[in-house]
Amino acid sequence: MNQSGRDREFGSNTSNAASLKGKLQTLEEAIQLVADEMNAHKKDVSSLKTEKDSLQEMLRLKTQEVKSNLISELNKVDDEMKRHFAHQKAENSRLQQQISQLKTEKTVLQNQLIGK
């Protein structure tokens, strides 16, 4: 092989090597960009998980508070109903006594009228 043939071979090897180096560098840059993007997404996912956990805890506490308030309200209503029922029972008993007393008075008055 003559000198110019070797130069062409060497030149094409050099340009292939440079081209391969350029492609490799481009690939490495692309890989780095993807890695950086993945890390950013991982941070986003981590942040979203933390926010989700926080919201779930807040929801659990709020649910517990609402449940506690409802139970308290239910107990108040139950006590109020019992009080009203007891009052109504006492009122019914009082009225029943008045009815019995009026019946007795009626009978006495009827007997007085018949006896006269």
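Quick note: the coordinates plus some simple rules give every number you see, no bench work behind them. What you see is a predicted model, and the numbers here were worked out from it, not measured in a lab.
Taking a ≥ b ≥ c as the square roots of the eigenvalues of the Cα gyration tensor, the chain is prolate, since a/c reaches 1.5 or more and a/b is larger than b/c. The angle between the Cα long axis of helix 3-115 and the longest principal axis of the Cα atoms of the chain comes to about 0 degrees, rounded to the nearest 10.
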